[in-house]
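Below: one structure, written as structure tokens.
The values are calculated or read from the model by the stated rules, or taken from the named source; none is laboratory data. Just so we're clear, the structure is a prediction, and the values are computed from it rather than from any experiment. Every residue, glycine among them, receives a Cβ derived from its backbone with ideal geometry; neighbour counts consider all protein chains shown. Heavy atoms of the whole protein, side chains included, go into the accessibility calculation; ligands, DNA and RNA do not. Shrake-Rupley method; radii C 1.70, N 1.55, O 1.52, S 1.80 Å.
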Amino acid sequence: MPTDHCEPAGVTVVIPCRNEAEALPAVLAAVPAGYQSIVVDNGSTDGTAAVAVASGARVVTEPCPGYGAAVQAGIAAARTELVAVLDGDGSMDPGELPGLVAAVRDGADLAVGRRRPVTGGVWPWHTRLGNSVVAHRLRRRYGLPVHDIGAMRVAGRDRLESLGRLHDRFGYPLELLVRAAAAEWDVREVDISYRARAGGVSKVSGSARGSLRATRDFLAVLR
């Protein structure tokens, strides 16, 4: 149940960002009407925060580096019953969030997006392979009905906070699923479109260093 300071019917979209000024305006413009937007600036040097404010979003600054740290700062700042999370690079369409919201309002504890590339070459083979391997392990070891690590997701804010502090870096989406399985949550997967990022460089697939960091974080969660 939502706490007294929550808006029972509301949805907040948390968008963790580090140097996503180029793509962010279009992402925020596509957020469904009535949803609130929180951009979590995680050490940007390209004016991401100013762009977010100009586009009508609320900005939260998270000085601790890491995707998970940024997401959790946004969740803590949200004041609505439901919280959605997606990247600020334009690779996912915020207009598809209502499908995940509907799944949660239909009884799911957590709705996660299963990315479906809209064109060839959008998802580099090595990151797609790694994602498939991790998802297969989640199905076999934890019994989760997922084929992706949930780059877009929706859940109740109170439910998310009940899991405690999760991984501060790239391991966050994976640990969220592992903790959800341990808590016997109803996790449902919803197909979403996956496009080329609208600007900037991927923090994971954009460099060998990023890919190695993500792999290290995933292994730490699955140890």
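Quick rundown of the values:
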{"item": "Unique residue being farther than 26 Å from A76 by Cβ, of a type in the set (D, E, K, R) and assigned to a loop (DSSP other than H, G, I, E, B) when the list is R137, R128, R197", "result": "R197"}
{"item": "Candidates V71, V104, filtered to the one that is closer than 24 Å to D191 by Cα and under 15 Å from the mean Cα position of the chain (by Cα)", "result": "V71"}
{"item": "Residues of the stretch 22-46 satisfying the condition of being part of a loop (DSSP other than H, G, I, E, B), open to solvent by 20 Å² or more (accessible area, probe 1.4 Å) and touching a Gly at 6+ places or on another chain (Cβ under 7 Å)", "result": "E22, A30, P32"}
{"item": "Any pair with Cβ under 6 angstrom, 6 or more apart, that starts in the stretch 168-193 at a residue that is more than 21 Å from P117 (Cβ to Cβ) and ends at one that is acidic (D, E) and open to solvent by 10 Å² or more (accessible area, probe 1.4 Å)", "result": "W185/D109; D186/D109"}
{"item": "Counted residues, the stretch 53-73 - those being assigned to a helix (DSSP H, G or I) and farther than 12 Å from V13 by Cβ", "result": "8"}
{"item": "Considering residues of the stretch 107-143 that are among the aromatic types (F, W, Y) and farther than 25 Å from G156 by Cα only, the residue surrounded by the most Cβ atoms within 10 Å (Cβ to Cβ)", "result": "W123"}
{"item": "Selection from the stretch 74-93 of residues that are buried (at least 22 other Cβ atoms within 10 Å of the Cβ) and in a helix (DSSP H, G or I)", "result": "G74"}
